[in-house]
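J.: There's a structure below that I have some questions on.
The values are calculated or read from the model by the stated rules, or taken from the named source; none is laboratory data. This structure is a prediction, so every number in the text was calculated from the model and none was measured. Glycine also receives a Cβ, built like all others from the backbone with ideal geometry; neighbour counts cover every protein chain displayed. When the accessible area is computed, the model is the full protein with side chains, heavy atoms only, and any ligands, DNA or RNA have been set aside. Shrake-Rupley method; radii C 1.70, N 1.55, O 1.52, S 1.80 Å.
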Amino acid sequence: ANKQTKKAIELRNNIRDISFEITGNELVALLLESDEIKRHQPIFNRLQRKTLFNFGIIEETDDNGYRRFKTARIKPETDVLLAAASMEEAKQLLDRLVQKHRLCQKLCGLYPAVHACFKYSIGQCDGACTGKEAPENYNRRVEEALESLHYKHDNFLIIGDGRRNDELSVVQVENGKYIGYGFVDREFAGDGIDTLLEAVHPRMDNRDIQRILRHFVNQGKTKQILPY
């Protein structure tokens with residue numbers, strides 16, 4: 001308790017100014033918060049301060065036809081499935097995919113072994129590491145894992161409550177990339193997609209933003225999704 005009290009006092013003593021911005025709904029609030037954290041780099045919020053994501057998960061197919069995920073340092077031209085701020089974070093993200101989709105630790109580079117991986121020994125791997133599971137069977141689960149990383153639509157708008165009763169929020173994703181958000185009067189929202197797109201103000205896309213968006217989309221927490 002004393003440690004927490006000291007932290008609270010330190011935080012209080014470092015406050016210079018307090019401001020707020022009305023967002024209308026939780027999704028826009030989280031998107032704005034993430035953007036502000038990366039822009040201002042606050043001392044006491046370390047979780048989303050990273051702005052460089054030089055590591056990630058990539059895919060390749062081996063000589064036996066097994067589709068493999070692996071962690072790697074990425075370059076601008078790298079076709080990355082998930083980006084991360086460190087190699088350790090990339091391995092953690094890959095481990096979650098392995099557990100959720102019953103993938104092979106060895107084929108994903110998470111368990112160095114000559115023969116079988118550890119999960120095979122405890123019945124949690126179907127034997128792709130030993131050749132006992134056919135590539136086509138294993139690759140089906142790889143495809144399921146890939147689908148879980150993608151949005152259902154490449155281009156879509158997320159419509160939510162605005163800052164006032166007569167307003168709606170508009171969050172834009174195009175080609176799987178977060179473009180930004182904005183607000184539009186309800187009376188003009190039905191004028192067509194162009195009206196909604198014009199309301200969007202550009203914002204920075206990054207791994208944390210994508211995590212927030214996927215959570216809201218996959219959990220069905222959005223008011224309306226409008227593909228275009």
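J.: Among His153, Gly176, Leu27, flag the residue with its Cα farthest along the positive direction of the charge dipole of the chain, charges on Cβ as +1 for Lys/Arg and -1 for Asp/Glu.
T.: Among His153, Gly176, Leu27, the one farthest towards the positive end of the dipole of the chain is Leu27.
J.: Between the alpha-carbon centers of the stretch 174-204 and the stretch 74-113, tell me the distance in whole angstrom.
T.: 34
J.: Within the P(r) computed for the chain, what percentage of the Cα pairs occupies the region above 24 Å?
T.: Details: 14682 of 25878 pairs.
Of the Cα pairs, 57 percent sit more than 24 Å apart.
J.: Hey, another quick one. Per residue, how large is the accessible surface of the stretch 44-160? Use a 1.4 angstrom probe and give square angstrom.
T.: 58
J.: Spin-label point model (7 Å from Cα, Cβ direction): what's the Lys177 to Gln99 distance in nm?
T.: Result for the modelled spin labels: 3.3 nm.
J.: When we measure straight from the Cα of Lys177, which lysines land under 26 angstrom away, once same-chain ones fewer than 8 places off are left out?
T.: Lys38, Lys50, Lys70, Lys75, Lys91, Lys100, Lys152, Lys221, Lys223
J.: To continue, here is another question. Counting only protein heavy atoms and using a 1.4 Å probe, what share of the accessible area of the chain belongs to carbon plus sulfur, as a whole percent?
T.: 48
J.: Apply the Karplus parameterisation 6.51 cos²θ - 1.76 cosθ + 1.60, with θ equal to phi minus 60°, to every residue of the stretch 126-140 and state each ³J(HN,Hα) to the nearest whole Hz, in sequence, with x for glycine and proline.
T.: 8, x, 4, 5, 10, x, 6, 9, 5, x, 5, 5, 5, 5, 5
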